[in-house]
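The values are calculated or read from the model by the stated rules, or taken from the named source; none is laboratory data. This is a predicted model, so every value here is computed, not measured. Note that we place each Cβ from the backbone using ideal geometry, even for glycine, and neighbour counts take in every protein chain shown. Accessible surface areas use protein heavy atoms only, side chains included; no ligands, DNA or RNA. Shrake-Rupley method; radii C 1.70, N 1.55, O 1.52, S 1.80 Å.
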Amino acid sequence: MLKEAISYSIDDNASVRVVQVTDPHLFADPDAQLLGVNTAHSLEAVLNTINAVHYPAHFMLATGDISQDYSSESYHNFVRAIAPLELPCHYLPGNHDDPRIMHLNMQGPNIYGQRRILAGNWQIIMLDSTVRGKPGGHMADSEIEIIKSAVADQPDRHTLLVMHHNPILVNCAWLDQHCMDNGSDFIEQVAEIPQVKGLLWGHVHQKLDQEHRGKHGIMHLMATPSTCIQFKPQSSYFALDALQPGYRLLELKANGTILTNVYRVPGDNFSPDREASGY
């Protein structure tokens, strides 16, 4: 049975505007650092940058690894941090999150854990790719059924699938060990659904924009930088990048096309410990 969806009153001929933030890795202690970066400060810098550009977003997607220490307070800190944007925020878990603690503490008037969002001519489905106790991901058959049921329920809407783990390899040998282990299968299955126009995720702490061309047309594949540390692309071993924290803006057009770009905090205020060997 499909669970209740969150609906937005957006004209079917209008674009749906979305901001994505991912992988903030917050701690209970606002002074705590991850590999030399204060994650509370870097998230604040990203949110200030979003606020400064005045992008008229309808809502925000937070795509996992909200917490680094599994604490209730880390989730409270996230809710407090995003409150000034006055944007509805839809979230899903990452491998560093405890889903039970997350759902109990990601609470507020603009915080939503529902799996489906109906907005304009689009349906957005929030998926759980996590595997308890493992850094890598897996898309369970039950998640595929959610997609199929949701599309059958709203066959005239374009669909964006949102998750934490990368379903495709990003050519970082150490990081690709922790991808979605059935990602190729997943891509093949959703490519058979004409309504699916894009897949969006976090986890890899770097930007990726690709197109998957199937018999039903183009499907956009999008990964977004973290709001804290960045992983160096194309690296066979663990390595951090000097690029600044980032976020993604998306415009979901009524005709099913997706306009999107990644933006970063200006300056060079966030410098990780690049001699670190893991996180």
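See the values below:
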quantity: Qualifying position, being open to solvent by less than 10 Å² (accessible area, probe 1.4 Å) and in a loop (DSSP other than H, G, I, E, B), among His164, His96; calculated: His164
quantity: Residues of the stretch 228-237 classified as open to solvent by 60 Å² or more (accessible area, probe 1.4 Å) and over 19 Å from the mean Cα position of the chain (by Cα), total; calculated: 3
quantity: Meets criteria (aliphatic (A, V, I, L, M), in contact with a helix residue (DSSP H, G or I) (Cβ under 9 Å, 6 or more places away or on another chain) and more than 16 Å from Gln20 (Cβ to Cβ)) for Met180; calculated: yes
quantity: Tally of residues being in a strand (DSSP E or B) and within 14 Å of Thr257 (Cα to Cα) across the stretch 211-243; calculated: 9
quantity: Lone qualifier among His216, His220 - being open to solvent by 60 Å² or more (accessible area, probe 1.4 Å), free of Cβ contacts under 8 Å to residues at least 60 places away in the same chain and either within 20 Å of Ala254 (Cα to Cα) or under 19 Å from the mean Cα position of the chain (by Cα) (or both); calculated: His216
quantity: Candidates Leu249, Leu200, Leu208, Leu240, filtered to the one that is surrounded by fewer than 23 Cβ atoms within 10 Å (Cβ to Cβ), within 15 Å of the chain's Cα centre (by Cα) and in contact (Cβ under 8 Å) with a residue 60 or more places away in the chain; calculated: Leu249
quantity: Members of the stretch 252-269 that are open to solvent by less than 30 Å² (accessible area, probe 1.4 Å), assigned to a loop (DSSP other than H, G, I, E, B) and not small (Gly, Ala, Ser); calculated: Val265
quantity: Filtered residues of the stretch 1-29 (kept if open to solvent by 70 Å² or more (accessible area, probe 1.4 Å) and either outside any strand (DSSP E or B) or touching a Cys at 6+ places or on another chain (Cβ under 7 Å) (or both)); calculated: Met1, Lys3, Glu4, Ser9, Asp11, Asp12, Asn13, Asp29
quantity: Boolean, Asn105 is under 29 Å from Val196 (Cβ atoms), touching a Ser or Thr at 6+ places or on another chain (Cβ under 9 Å) and open to solvent by 10 Å² or more (accessible area, probe 1.4 Å); calculated: no
quantity: Boolean, Pro88 is crowded, with 21+ Cβ neighbours inside 10 Å and under 20 Å from the mean Cα position of the chain (by Cα); calculated: no
quantity: Candidates Ala119, Ala52, filtered to the one that is of a type in the set (A, V, I, L, M, F, W, C) and open to solvent by 20 Å² or more (accessible area, probe 1.4 Å); calculated: Ala52
quantity: Candidate set from the stretch 34-48 (those that are over 15 Å from Pro225 (Cβ atoms) and in contact with a helix residue (DSSP H, G or I) (Cβ under 7 Å, 6 or more places away or on another chain)); member that is surrounded by the most Cβ atoms within 10 Å (Cβ to Cβ); calculated: Ala40
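So that you can scan it fast, the table gives a plain yes or no per residue for (1) at pLDDT 95 or above; (2) more than 16 Å from the chain's Cα centre (by Cα); (3) farther than 25 Å from Leu252 by Cβ; (4) hydroxyl-bearing (Ser, Thr, Tyr):
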| position | (1), (2), (3), (4) |
| --- | --- |
| Pro84 | yes, yes, no, no |
| Asp97 | yes, no, yes, no |
| Ile101 | yes, yes, yes, no |
| Leu104 | yes, yes, yes, no |
| Tyr112 | yes, no, no, yes |
| Ile124 | yes, no, no, no |
| Gly136 | no, no, yes, no |
